[in-house]
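Have a look at this one.
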Amino acid sequence: MSNSPIEKISTVRLGTEGPRIGVQGFGAMGISEFYGDTDEAAARDTLEATVEAGVTLIDTADIYGSGANEEFLAPFLAAHRDEVTLATKFAIERRADDPSYRAIRNDAPYIKKAVEASLRRLGIDVIDLYYMHRRDPQVPLAESVGAMAELVQEGKVKYLGLSEVTGAELREAHAVHPITALQSEWSVFSRDVERSAVPAAAELGVTFVPYSPLGRGFLTGAFADAGKELSGGDFRQLQPRFTGDNAKTNAALLEPLHKIAAAHGATTAQIALAWVQQRAQVHGLTVVPIPGTRKRSRLLENTGATRITLSAEELALLEPIAGQVAGDRYPDMSSTSAAREQ
Ligand SMILES: NC(=O)c1ccc[n+]([C@@H]2O[C@H](COP(=O)([O-])OP(=O)(O)OC[C@H]3O[C@@H](n4cnc5c(N)ncnc54)[C@H](OP(=O)(O)O)[C@@H]3O)[C@@H](O)[C@H]2O)c1
């Protein structure tokens, strides 16, 4: 292993009033669930590498591992509280006796209970960035964002965020209380947010936090063989883009990424991450993508992407890909912003 010091990534301001944070964040979800088994020691070492590399926005949610992901982060936060901007989320209810059960809860009493449970599991006094994970259109945004704003007044939360909302919903929420961050899927494969959410965030000074910027790993080129690499229990086995003919079609779409990566002496993952940063510049927007990994070496590979600049010709090669992707982002798209835009 090399002993050379790790180069820290550059920083940007979170929203208009927030702290300066690393221009790339870290998604902790896969440590606890969804993408196969985790080696705990390797995952702890990966977390340590975040602060070493200047990756300070750490992203979790109360549903990841049904609370286990927040609990996993607690010792890390105890050691690094001042260096980390901790983001978590509420709104997706699960049940211990029914693993497939999911309900979206945006009502004020649910929010008040959820924040207490997250604070307890994380072992902290205040959540830096608290997101509503999914939107239930039956509950007025004024009620949900009003309840979230009370958490700010009570000192339990510093900044508010939303996930998977449309541009119109972002504007409506922002009028109730300033929204600091919008987290939605955005990658070379997933660009529906560019229709309304991205322009609204740019206009309002809301930081965009692209989730699954590596297309849940697909954009790294690891699924060339029709998704056969997926082990039992990996939830990507149910993802339309990873299965059967779709996986084959989508793997072929990565050819320009591989070519550009070779030209830069970079990896395909790095080119995918560099693309999100540069695409955001076109929209006049600050982004802090949150790729997830359980491995230190990949975390450092991913931060290296912040130092890559793609040429106009390279960006043009990547431009048509999203329109050719086979399969939706989720097996059930009903709770996404895209569904409410149609
Ligand atoms: N708001 C929402 O609704 C929502 C939804 C999904 C995710 N998220 C958040 O966004 C974060 C990131 O999204 P994501 O984890 O779904 O997808 P992602 O970051 O696009 O991809 C993660 C996958 O890529 C692999 N990977 C990462 N870096 C790699 C590299 N350099 N080379 C090869 N493989 C690499 C990881 O495997 P290894 O672990 O084996 O490296 C993992 O399987 C999550 O952790 C979560 O915090 C939010």
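Is at least one residue of the stretch 231-245 among the small types (Gly, Ala, Ser) and open to solvent by less than 10 Å² (accessible area, probe 1.4 Å)?
Just the residues of the stretch 231-245 that are among the small types (Gly, Ala, Ser), to begin with: 231-233, 244.
From what's left, open to solvent by less than 10 Å² (accessible area, probe 1.4 Å): none.
Looking through the stretch 231-245, none of the residues is among the small types (Gly, Ala, Ser) and open to solvent by less than 10 Å² (accessible area, probe 1.4 Å).
Continuing with the same structure: Could you say whether any residue in the stretch 172-183 is more than 18 Å from Pro289 (Cβ to Cβ), within 15 Å of the ligand (Cβ to nearest atom) and either within 20 Å of the chain's Cα centre (by Cα) or of a type in the set (Lys, Arg) (or both)?
There is at least one residue in the stretch 172-183 that is more than 18 Å from Pro289 (Cβ to Cβ), within 15 Å of the ligand (Cβ to nearest atom) and either within 20 Å of the chain's Cα centre (by Cα) or of a type in the set (Lys, Arg) (or both).
Residue pairs, Cβ under 7 Å, 6 or more apart or interchain, first in the stretch 287-313 and under 14 Å from Gln270 (Cα atoms), second open to solvent by 60 Å² or more (accessible area, probe 1.4 Å) and of a type in the set (Gly, Ala, Ser). List them.
What qualifies is Thr306/Ser10.
For the list (1) of a type in the set (A, V, I, L, M, F, W, C); (2) within 16 Å of the ligand (Cβ to nearest atom); (3) in contact with a strand residue (DSSP E or B) (Cβ under 6 Å, 6 or more places away or on another chain), I need the number of the one condition that Phe189 fails.
Evaluating Phe189 over (1) of a type in the set (A, V, I, L, M, F, W, C); (2) within 16 Å of the ligand (Cβ to nearest atom); (3) in contact with a strand residue (DSSP E or B) (Cβ under 6 Å, 6 or more places away or on another chain) leaves (3) as the failure.
Mind checking which pairs have a first residue in the stretch 89-103 that is open to solvent by 100 Å² or more (accessible area, probe 1.4 Å) and a second that is in a strand (DSSP E or B), Cβ under 6 Å, 6 or more apart or different chains?
Matching pairs, first to second residue: Arg95/Tyr101; Arg102/Ile92.
Something else about it: For a quick check of your reading of the model, give me the residue pairs whose first member lies in the stretch 40-52 and is of a type outside the set (Asp, Glu), whose second is part of a helix (DSSP H, G or I) and open to solvent by less than 70 Å² (accessible area, probe 1.4 Å), with beta-carbon atoms closer than 6 Å and at least 6 apart or on different chains.
What qualifies is Ala43/Ile31; Thr46/Arg296; Thr46/Leu299; Leu47/Phe76; Ala49/Arg296; Ala49/Leu299; Val51/His80.
What is the residue count in the stretch 1-53 for residues that are away from the ligand (no atom under 16 Å from the Cβ) and open to solvent by 10 Å² or more (accessible area, probe 1.4 Å)?
18
The values are calculated or read from the model by the stated rules, or taken from the named source; none is laboratory data. This structure is a prediction, so every number in the text was calculated from the model and none was measured. Virtual Cβ from ideal backbone geometry, glycine too; neighbours counted across all protein chains shown. These accessible areas exclude ligands, DNA and RNA; they are computed on the full protein's heavy atoms, side chains included. Shrake-Rupley method; radii C 1.70, N 1.55, O 1.52, S 1.80 Å.
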